[in-house]
Amino acid sequence: MSQVPASLLTLIAGIVITLLSVWVSLNHGLLPEQVSEQAPLVDNLFSIMLGIAFALFLVVQGAILIFVIKYRRPPGDDTDGVFLEGNFPLEIVWTAIPALIVIGLGIYSVDVYQRMGGFAPSTGMMAHSHPSAHVAHQPGHPPGSAIAAPLVADAADPASASVMDPDSEKAYKLPIYGFGAPPEAKNKADVTVNVVGLQYAWLFTYPDDGLTTGELHIPVGKSVQLNITAQDVIHSLWLPQFRLKQDALPGEKSQLNFVATKTGTYPIVCAELCGSYHGSMRTQVIVHTPEDYQQWLEENKVAQANSLNQAIAANPAEMSVSEFLTPYGEEMGINAEMLKQLHPHQ
Amino acid sequence: MTQAQIPVQNPPVIESSAHKKAWKWYEYFTFNIDHKVIGIQYLVTAFFFYLIGGLMAVAMRTELATADSDFIDPSLYNAFMTNHGTIMIFLWIVPSAIGGFGNFLVPLMVGARDMAFPRLNAIAFWLNPPAGALLLASFLFGGAQAGWTSYPPLSEITAPTAQSFWILSIVLVGTSSILGSINFIVTTLKMKVPSMRWDQLPLFCWAILATSLLALVSTPVLAAGLVLLLFDINFGTSFFKPDANGNVVLYQHLFWFYSHPAVYLMILPIFGIMSEVIPVHSRKSIFGYKAIAYSSLAICLVGLFVWVHHMFTSGTPPWMRLFFTISTLIVAVPTGIKIFSWVATLWGGKIRYTSAMLFALGLLSMFVIGGLSGVTLGVVPFDVHVHDTYYIVAHFHYVLFGGSVFGIYAGIYHWFPKMTGRMMNETLGKIHFVLTFIGTHLTFLPMHQLGLQGMPRRVAMYDPQFEPINQLCTIGAYVLAISVIPFTVNVIWSWIAGEKAGDNPWKAMTLEWTTESPPIIENWEILPVVTHGPYDYGLNGRSPMSEERPPASVS
Ligand code: HEM
Ligand SMILES: [Cu+2]
Ligand SMILES: [Cu+2]
């Protein structure tokens, strides 16, 4: 460090490290499929961080390795190394570079956060100023801006109000956590689903259609709003392929707004420790084409009209979950009584 | 007795032990008030708990070798997971790094005869065994199962008796750490030999000072949170009960206000150990003494304002998510300064590959990985994806296992000669290092991918697609488990029959090396006078290794 590190060698090392890091950042393949509009935003952020981290990793580990080899004690040499107390310019440089990197990352992450709709839900207290007119999102919008949703879970909505807070007056004052629509959006989501976490299952209710299921069905390309809460303990709704996660908190409201970009079946995972069988609290999100989704809705409405309980048990995809959980039925606490509570207007 | 009548604590009487230079072995099992005895008591107890916590980890990894829950019952898995985390944090790292090394070294390094309050010191230690016993006794009632974070409502409804034991245990450890902190602060501020300038205070003491200040501010908050939880469980209050107007998120704020700084409590003393070990074994003065000392203080200060990054997916409004993203990212800067300073210390050195140095270098390289993944976690949009997944498990084991365990091992190899008067076996030490290094990467590196791909943490059963990677981790865990054997053999054998060490086998320059090994009771016959800085290697071309170093103490 006594010479200026501008030698040819340093230059070449710099170029190689840069190229390698860019390559790693573009080709790491560490993340699963992208299925929501938010996913590419998160992934780009991760890829850039990974690239920077990889470069820093190479520089620091490289320096350690080189020093460790170059400055090992020659056999029989019992003298001390050179005395060096510090090097002010160097210290400034290595304080400034990380500082600039984190400032850059900070700004970039705020931007990503904003584009993911992170700012929307906190304005929940203003909900009453937006009457919940049921407006479909405007046609002609580019897909990115079509994540149209109200700023708050519709408090007038019977299922959500009854599940989350029987005292709907209070519901207005509660902040709502999660990822929401972009701040300018004033429209209601195309599909609203109320999600309740309980030991050890997720219940998805479709308030507009009077459906309750153990799996999440949504149409591709439409804005979806999940109003999330929990019955007993904290759970956490994680959609890995959507890069979205939100805790389901008993006594608090949270929500996720997103648009699925690809049809298929993807896992839903509970990410917050919720008891012995936390690991088995898994289900699926099925992203349909809009036509399939309509069809699914119709079929299930008919089925559930007959008997709520049977409909749930008869849903073949649901079987695996309930089969898995049957031995722990006592701990689960799903019963007809509770389902009725969730559906007072059935 | 009124306040005014309480007598001032007498300093330990020198004459009483003047005729006696060393303690008998059985005195290590008593309520001894010598800081060196207490330091070793801490270290040995902590290592004992480390082995228990490690066995729990091995049981968990065995369970996780297959996707199904087929080795231990899922509730038992959760109990192991909870107690493993609790033990590793509260009964291994904190007691060994702060209690063990801090007690043994701080008085020796500042030239004091003992800690400022020797009896308080002994009390602080003796709170630990009952705490550990309570924790283990909780298994008789099913074991606390809500994770080391013990979030309500889960912690209020699962195994309430065991959970109460868990709380009492943590409160005991917390009390111990508050008592210890007061002692360290007073000792450093008041008992430093007058000849030592502040910029000659060893960096380890700076680190312990910063740690103690942090512990003093944050620990009471944890205690408060836990006591409220205890009331909720046992006495019908409803601070955190959502169905009775309690708030589940409040607990998380109280908990993390302590427990994030707790991460620095664990790592700062280790940073201190690094700053002592690296200069000695590379025969170099530490690069950027002031930067390292001040960055400890900076980490403490900023560290108090980052706790919400553990709650990004919980009940946190957007402004909070962003404020804490920024503050979290800022902590990376002083941490980076430390890393760069240690790397620069190597430059131009004459590095000797002792086991202590190998572990220090291992720590450096592991901490780089843990630190970089930590930065990615500070950023909300990405943290939301990986929060509560194996990516987190990978990250914090890189920081805690790589960062702390390696540091503690480095410290033990470095100071063992001073503590016992005997050298450790270097061959066994190197086998230990190689096994630990390979095992750690094998166990924890693949976990990053598991988390990114969709495996949540704290699960006894998982999606079968993750099985192959998990098996790799499990093999790594077995390697780690085996790595403890050469170490344990080495310590026991060397303690009894190791080569005699002499006063200063590494030819180091801090004050603890100016007395006998092991140090006599009261540390010095006559207190040392500081004649040079703690890291003046190579200054004025002085002091080749072969010669005796000019004495630090003029007696
Ligand atoms: C012997 C090597 C170790 C292995 C194989 C190991 C393995 C594990 C495993 C499998 C978990 C459960 C992860 C989860 O489900 O969330 C875990 C959790 C944890 N480990 Fe380790 N671990 C080891 C050493 C350590 C050390 C040395 C520390 C700290 C100094 C540590 C701290 C923790 C903590 C804090 C948790 C979280 C517990 C909780 O979430 O309640 N571990 N470890
Ligand atoms: Cu759950
Ligand atoms: Cu769960």
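Miscellaneous remarks
- For the range A:188-271, the relative contact order is 29 percent, taking Cα pairs closer than 8 Å that sit 6 or more residues apart in sequence and dividing their mean separation by the residue count.
- Flagged links, alpha-carbon separation over 21 Å, of B:Lys418/B:Lys507; B:Lys190/B:Lys338; B:Lys338/B:Lys507: B:Lys190/B:Lys338; B:Lys338/B:Lys507
- Taking Cβ atoms as reference points and 12 Å as the exclusive limit, the residues near B:Ile278 contribute a net charge of +3, counting Lys and Arg as +1 and Asp and Glu as -1.
- Local electrostatic count, A:Ile268, Cβ distance below 9 Å [Lys/Arg +1, Asp/Glu -1]: 0
- When its C-alpha radius of gyration is set against 2.2 N^0.38 Å (N residues), chain B gives a value of 0.96.
- When a 1.4 Å probe is rolled over the protein heavy atoms, the share of accessible surface on the range B:440-516 that falls to carbon and sulfur comes to 68 percent.
- The A:Asn87 and B:Val44 beta-carbon pair, evaluated with R₀ = 51 Å, returns a calculated FRET efficiency of approximately 0.75.
- Given their separation in residues at 0.36 nm each and the Cα-Cα distance between them, B:Asn245 and B:Leu120 gain 40.9 nm when the chain is fully extended.
- Prolate/oblate/rounded call for the range A:206-263, Cα gyration tensor, a/c under 1.5 rounded: oblate
- Inter-label distance, nm, simple model (7 Å from Cα along the C-beta direction), B:Ile492/A:Ile97: 4.8
- Separation between Cα centres of the range B:493-518 and the range B:114-163, rounded to whole Å: 36
- Counting Lys and Arg as +1 and Asp and Glu as -1 over every other residue whose Cβ lies under 13 Å from the Cβ of B:Val193, the net charge comes to +3.
- Evaluated at q = 0.11, 0.19, 0.20 Å⁻¹: base-10 log I(q)/I(0), Debye formula over Cα of the range B:31-107: -0.37, -0.73, -0.78
- Averaging the sequence gap over all C-alpha pairs within less than 8 Å and six or more residues apart, then dividing by the number of residues, gives chain B a relative contact order of 17 percent.
- Full extension of the chain between B:Glu499 and B:Lys290 yields a length gain of 71.5 nm, computed as 0.36 nm times the residue separation minus the alpha carbon distance.
- Overall, the accessible surface of the range B:208-272 at a probe of 1.4 angstrom is composed of carbon and sulfur to the extent of 70 percent.
- By the helix-only formula, in which each DSSP H run with n ≥ 4 contributes -39500 (n - 2.57) and the sum is divided by residues, chain B has a 222 nm mean residue ellipticity of -20500 deg cm²/dmol.
- The string of couplings for the range B:445-451 from the Karplus curve (6.51, -1.76, 1.60, θ = phi - 60°) is 4, x, 5, 4, 5, 3, x Hz, one whole number per residue in order, with x for Gly and Pro.
- 1.4 Å probe accessible area per residue over the range B:410-541, in Å²: 37
- Helix B:318-346 and the longest principal axis of the C-alpha atoms of chain B enclose an angle of approximately 30°.
- Chain A contacts chain B over a buried accessible area of about 7400 Å², both sides summed; the probe is 1.4 Å and only protein chains count.
The values are calculated or read from the model by the stated rules, or taken from the named source; none is laboratory data. Just so it is clear, the model here is predicted, and its values are computed rather than measured. Backbone-built Cβ (ideal geometry, glycine too); neighbour counts: all protein chains shown. What goes into the accessible areas is simple: the full protein's heavy atoms, side chains included, and nothing from ligands, DNA or RNA. Shrake-Rupley method; radii C 1.70, N 1.55, O 1.52, S 1.80 Å.
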